[in-house]
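Read the structure below first, then the notes.
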Amino acid sequence: MTATEVTACGTCGHPGLRTVLDLGSQPLAERDDGLRYPLAVAECTQCGLAQLTCAVDRETVFPPGHPYTTGNTAALRSHFDHLAAVIAPGLGDGDLVVDIGANDGTFLDAVRRRAPQARVLAVEPTGQAGRARARGIPVAEAFWTRQLARDIERRHGKATVITACNVLAHCADQHDFLSGVNELLADGGRLVTENHDWASVVHGLQVDTVYHEHLRYYTPASLGYVLAVHWLMISTMDRIPVHGGSFRTVAVRQRPGLQLRADAARSRLRQLMEEAAGAGKIYGIGATTRATPLVHWAGIAGFIDRICEVPGSDKIGTELPGTGIPVTAESDLTDGQPPHALLLAWHIADDIVPKLRFAGYNGRFIVPLPEARYYRG
Ligand SMILES: [Zn+2]
């Protein structure tokens with residue numbers, strides 16, 4: 001499969017996407033693989049993110065040998081030199097600057113000139129990596145992922161600055177992308193991003209800047225929203241002329257506060273529940289006291305068909321307070337075999353799961369916290 005239909009918002013997981021622009025069926029903009037893909041943009045009715053309705057796999061869009069080269073454009077060279085001048089004053093001896101989507105190394109070359117005491121590292125998955133390396137710039141030749149961020153941290157330590165210019169809109173999973181940024185950045189470290197402004201597309205009718213390479217189109221608001229989920233708080237925002245109307249944000253990594261972490265966990269949980277609900281019914285496991293605040297706070301009551309309790313529990317026959325969700329016997333789970341079961345007593349998941357497997361339940365378990373995920377025993 002080389003393309004996926006987008007049915008939920010890439011930031012908040014909300015399924016309410018409203019198509020605002022349809023450019024028909026089109027080939028990729030920079031290479032012809034002989035296929036045509038739907039090219040349309042939808043806005044999330046919840047968080048405002050504008051996104052393509054069809055995501056072509058990144059290996060198809062950005063294969064090795066991708067023809068785009070930063071250094072070819074004099075205007076971009078000058079732009080990156082200016083950006084290097086903006087970040088250089090904050091850089092000390094041994095500080096690490098990581099450029100995601102570094103292309104041929106034009107920007108990091110400028111950083112080295114402006115701040116020779118700093119270390120630089122390029123992250124570039126395409127054949128352009130060879131050009132950066134030829135300039136003597138260390139390169140991680142891979143797509144940016146959370147896993148890559150961990151590998152880089154092990155080898156090079158924390159980063160002082162991470163830059164991602166016109167990159168975030170291209171990546172398939174921005175949550176994985178930003179988790180990696182958060183993990184690699186030192187406390188107080190800066191993420192510098194530049195993105196084409198969706199408002200400039202809408203108001204300037206720049207519909208010809210919509211192509212499959214861009215999966216998303218941010219505004220300062222929709223970018224700020226997803227950055228905040230990952231503990232990155234925008235400290236400055238400047239409008240820049242790149243691509244006929246872009247904006248540059250500098251975001252500072254915060255020490256994660258409890259509320260912010262909880263909100264991120266809730267977003268993730270709701271996203272996972274929506275995904276699971278697409279496959280069929282979800283039963284809750286364990287009408288524990290903690291189930292009530294979780295279900296209410298996360299707003300997931302509507303996803304839960306019933307909650308199963310161990311035999312003999314005096315909660316069987318009642319409802320989870322304030323939700324109308326019936327509490328029933330555990331045998332319902334093995335009889336009904338719903339595709340997913342939500343572990344409300346997730347803190348003892350390792351005890352519960354083997355017992356329910358032994359009892360004959362075959363579906364997947366969802367662990368709601370601290371980060372919602374499918375249980376892997
Ligand atoms: Zn959204």
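Between residue 296 and residue 4, what length in nm is gained on full extension when 0.36 nm per residue of separation is reduced by their alpha carbon distance?
Values: separation 292, 0.36 × 292 = 105.12 nm, distance 3.26 nm.
Full extension from residue 296 to residue 4 adds 101.9 nm.
Taking amide H as placed 1.01 Å from N in the peptide plane, the amide H of residue 212 sits under 5 Å from that of 29, each at least 5 places away or on another chain. Taken one residue at a time, the phi angles of the stretch 290-300 give Karplus couplings (6.51, -1.76, 1.60, θ = phi - 60°) of 5, 5, 5, x, 5, 5, 5, 5, 7, x, 10 Hz. Gly and Pro are set to x. Note on residue 134 and residue 374: with the Förster distance fixed at 45 Å, the Cβ-Cβ geometry gives a FRET efficiency of about 0.55. Think of a 1.4 Å ball rolled over the protein heavy atoms: the chain then has 45 Å² of accessible area per residue.
Take every pair of alpha-carbon atoms less than 8 Å apart whose residues are at least six positions apart; their mean separation over the length of the stretch 4-149 yields a relative contact order of 16 percent. Our summary gives the stretch 289-377 a relative contact order of 22 percent, counting only alpha carbon pairs under 8 angstrom and 6 or more residues apart. Projected label points at residue 32 and residue 18, each 7 Å from Cα along the beta carbon direction, are separated by 3.8 nanometres.
Relative to the present Cα-Cα distance, how much length would full extension add between residue 150 and residue 208 at 0.36 nm per residue of separation?
Extending this stretch completely gives an extra 17.2 nm.
In the chain, what percent of the accessible surface is made up of carbon and sulfur (1.4 Å probe, ligands and nucleic acids excluded)? Walk me through the numbers on the way to the answer.
Details: 8860 of 16820 Å².
Solvent-exposed carbon and sulfur of the chain make up 53 percent of the total.
Applying 0.36 nm per residue to the separation of residue 199 and residue 45 and subtracting their alpha-carbon distance, the gain on full extension is 53.9 nm. If you take the square roots of the eigenvalues of the alpha-carbon gyration tensor of the stretch 224-291 and sort them as a ≥ b ≥ c, do you get rounded (a/c under 1.5), prolate (a/b over b/c) or oblate? Cα axes put the stretch 224-291 in the oblate bin.
Taking a ≥ b ≥ c as the square roots of the Cα gyration tensor eigenvalues, the chain comes out prolate, since a/c reaches at least 1.5 and a/b is larger than b/c. Counted over the stretch 261-369, the DSSP beta bridges are approximately 5% antiparallel.
Antiparallel beta bridges, as assigned by DSSP with both residues in the chain, represent about 50 percent of the total such bridges. Once backbone amide H atoms are built at 1.01 Å from N, residue 140 has 122, 123, 124 as its partners under 5 Å, excluding neighbours fewer than 5 places away on the same chain.
Estimated from helices alone, the mean residue ellipticity of the chain at 222 nm is -9000 deg cm²/dmol (sum of -39500 (n - 2.57) over DSSP H runs with n ≥ 4, per residue).
Annotation: amide H-H contacts under 5 Å for residue 163 (H modelled 1.01 Å from N, sequence separation of 5 or more, or interchain): 98, 99, 100, 192. For the stretch 300-377, the residue among 322, 312, 358 whose Cα projects farthest onto the positive side of the dipole built from Cβ charges is 358.
The residue 235 and residue 81 beta-carbon pair, evaluated with R₀ = 22 Å, returns a calculated FRET efficiency of approximately 0.50.
Charges at C-beta only: +1 for Lys and Arg, -1 for Asp and Glu. How large is the resulting dipole of the chain about its Cα centre, in Debye rounded to 20?
On the way: 36 positive and 40 negative charges, 181 e Å.
That gives the chain a dipole magnitude of about 860 debye.
The value of relative contact order for the chain, using C-alpha pairs under 8 Å at least six residues apart, is 11 percent.
Is the stretch 271-375 best put as rounded, prolate or oblate by its Cα gyration tensor, with a ≥ b ≥ c the root eigenvalues, rounded for a/c under 1.5, and otherwise prolate when a/b is larger than b/c, oblate when not? Provide the component values of the computation, followed by the final result.
On the way: a/c = 1.29, a/b = 1.03, b/c = 1.26.
Rounded, since a/c falls under 1.5.
Label positions at residue 355 and residue 58, each projected 7 Å from the Cα along the C-beta direction, are separated by 4.2 nm.
The values are calculated or read from the model by the stated rules, or taken from the named source; none is laboratory data. Just so it is clear, the structure is predicted and the values come from calculations on it, not from any experiment. Cβ sites come from the backbone with ideal geometry, for glycine too, and all protein chains shown count toward neighbours. Heads up: the accessible areas ignore ligands, DNA and RNA and are worked out on the full protein's heavy atoms, side chains in. Shrake-Rupley method; radii C 1.70, N 1.55, O 1.52, S 1.80 Å.
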